[in-house]
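Colleague: What follows is a structure written as structure tokens; I'll ask about it next.
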Amino acid sequence: MEFALIVPLLFLLFLGIIEFGVMMMHQLTLVQVAREGSRHASLGKPVAETEQRIINTAGALPNHEELEIDLRYSTDDGVTYPDSQILGDAGGGSENDAPPGSLIRVTLDWPHHLITGSFFSRLSGAEGDTMPLEARVVMRRE
């Protein structure tokens, strides 16, 4: 009798541990991908090349085609990253247009699809059977 009451709770705990572990693995992968993209952009590489580097590095994520990439730079030491400073190309496409010494921010948004479907959808921030994950890395343009 007691066993029948405890097993569903243990199973629920086990599923939660697995879901959390996979979500953390995906978050760490997302941060590594953002760091790789930020480093690549800080070297002055063109935007298309930086985005391709991010996509190639994100291959470890399932459904990596759902990755949203935002590349911006700040000339006021990171106080603002306005829409007018979205990273673009300069120099005939041979480098990005962030001035040397500015801060380049790479923001990646990716929907983590919950392994358990909508079972844990009551988690804060969960939208149906997905949990939005975000990684943001800032590096100084060399």
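The values are calculated or read from the model by the stated rules, or taken from the named source; none is laboratory data. Predicted model only: the values in this text are computed from it and were never measured. Glycine also receives a Cβ, built like all others from the backbone with ideal geometry; neighbour counts cover every protein chain displayed.
Colleague: Hey, can you tell me all the residues within the range 77-95 that are in a loop (DSSP other than H, G, I, E, B), among the hydrophobic types (A, V, I, L, M, F, W, C) and either surrounded by 13 or more Cβ atoms within 10 Å (Cβ to Cβ) or in contact (Cβ under 8 Å) with a residue 40 or more places away in the chain (or both)? Lay out the reasoning, then the answer.
Modeller: Taking the range 77-95 and keeping what is in a loop (DSSP other than H, G, I, E, B), we get 77-82, 87-88, 94.
Keeping just the survivors that are among the hydrophobic types (A, V, I, L, M, F, W, C) gives 79, 87.
Listed by number, the list holds a single entry, LEU87.
Colleague: Residue pairs, Cβ under 9 Å, 6 or more apart or interchain, first in the range 110-133 and modelled with pLDDT under 80, second surrounded by 15 or more Cβ atoms within 10 Å (Cβ to Cβ) and among the β-branched types (Val, Ile, Thr). List them.
Modeller: SER121/THR130
Colleague: State whether one or more residues within the range 59-77 are under 30 Å from PHE11 (Cβ atoms) and small (Gly, Ala, Ser).
Modeller: yes
Colleague: Which condition from (1) part of a loop (DSSP other than H, G, I, E, B); (2) closer than 16 Å to ARG141 by Cβ; (3) not β-branched (Val, Ile, Thr) is the one that GLU49 breaks?
Modeller: All conditions are met except number (1).
Colleague: Quick check on ALA98: is it crowded, with 18+ Cβ neighbours inside 10 Å, at pLDDT 95 or above and among the small types (Gly, Ala, Ser)?
Modeller: On the way: crowded, with 18+ Cβ neighbours inside 10 Å: yes; at pLDDT 95 or above: no; among the small types (Gly, Ala, Ser): yes.
In short, no.
Colleague: In addition: Report, by residue number, each residue of the range 1-59 that is among the β-branched types (Val, Ile, Thr) and farther than 21 Å from SER118 by Cβ. Give the steps one after another, and end with the answer.
Modeller: Going through the range 1-59, the residues among the β-branched types (Val, Ile, Thr) turn out to be 6-7, 17-18, 22, 29, 31, 33, 47, 50, 54-55, 57.
Hits for the range 1-59 are ILE6, VAL7, THR29, VAL31, VAL33, VAL47, THR50, ILE54, ILE55, THR57.
Colleague: Further question: Please verify whether the range 67-76 includes one or more residues that are buried (at least 16 other Cβ atoms within 10 Å of the Cβ), in contact (Cβ under 8 Å) with a residue 60 or more places away in the chain and assigned to a helix (DSSP H, G or I).
Modeller: Checked against the condition, which is being buried (at least 16 other Cβ atoms within 10 Å of the Cβ), in contact (Cβ under 8 Å) with a residue 60 or more places away in the chain and assigned to a helix (DSSP H, G or I), the range 67-76 yields no hits at all.
Colleague: Also, quick follow-up: Looking at the range 49-66 only, could you name the residues that are buried (at least 18 other Cβ atoms within 10 Å of the Cβ) and either closer than 13 Å to VAL106 by Cβ or at pLDDT 95 or above (or both)?
Modeller: From the range 49-66, those buried (at least 18 other Cβ atoms within 10 Å of the Cβ) are 50-51, 54, 57-58, 61; that's our starting set.
Once the filter is applied, which keeps residues that are buried (at least 18 other Cβ atoms within 10 Å of the Cβ) and either closer than 13 Å to VAL106 by Cβ or at pLDDT 95 or above (or both), the range 49-66 yields THR50, GLU51, ILE54, THR57, ALA58.
Colleague: Something else: Out of all the residues in the range 96-132, which are over 20 Å from ARG39 (Cβ atoms) and outside any loop (DSSP other than H, G, I, E, B)?
Modeller: Going residue by residue through the range 96-132, those that are over 20 Å from ARG39 (Cβ atoms) are 111-132.
Once the filter is applied, which keeps residues that are over 20 Å from ARG39 (Cβ atoms) and outside any loop (DSSP other than H, G, I, E, B), the range 96-132 yields PRO111, HIS112, HIS113, GLU127, THR130, MET131, PRO132.
Colleague: If you don't mind, there's one more thing I want to ask. Residue check, PRO46 against (1) without any contact (Cβ under 8 Å) to a residue 40 or more places away in the chain; (2) buried (at least 19 other Cβ atoms within 10 Å of the Cβ), all met but one. Which one?
Modeller: The one condition PRO46 does not meet is (1).
Colleague: Are any of the residues in the range 30-43 of a type in the set (Asp, Glu), at pLDDT below 95 and within 18 Å of the chain's Cα centre (by Cα)? Explain how you work it out, then say what you get.
Modeller: Step one: of the range 30-43, the residues of a type in the set (Asp, Glu) are 36.
Filter once more, so that each one left must be at pLDDT below 95: none.
Checked the range 30-43: no residue is of a type in the set (Asp, Glu), at pLDDT below 95 and within 18 Å of the chain's Cα centre (by Cα).
Colleague: Restricting to the range 1-32, and then to whatever is in contact (Cβ under 8 Å) with a residue 60 or more places away in the chain and of a type in the set (A, V, I, L, M), can you tell me which residue is surrounded by the fewest Cβ atoms within 10 Å (Cβ to Cβ)?
Modeller: Here is the first cut: in the range 1-32, the ones in contact (Cβ under 8 Å) with a residue 60 or more places away in the chain are 15-16, 18-19, 22-23, 26-27, 30-31.
Next cut, of a type in the set (A, V, I, L, M) only: 15, 18, 22-23, 30-31.
Values: LEU15: 14, ILE18: 12, VAL22: 16, MET23: 17, LEU30: 24, VAL31: 16.
So, considering only residues that are in contact (Cβ under 8 Å) with a residue 60 or more places away in the chain and of a type in the set (A, V, I, L, M), the one surrounded by the fewest Cβ atoms within 10 Å (Cβ to Cβ) is ILE18.
Colleague: Considering only the range 54-66, state which residues are in a helix (DSSP H, G or I) and out of contact with any Gly (no Cβ under 6 Å at 6 or more places or on another chain). Break it down stepwise before answering.
Modeller: Going residue by residue through the range 54-66, those that are in a helix (DSSP H, G or I) are 54-60, 64-66.
Hits for the range 54-66 are ILE55, ASN56, THR57, ALA58, GLY59, ALA60, HIS64, GLU65, GLU66.
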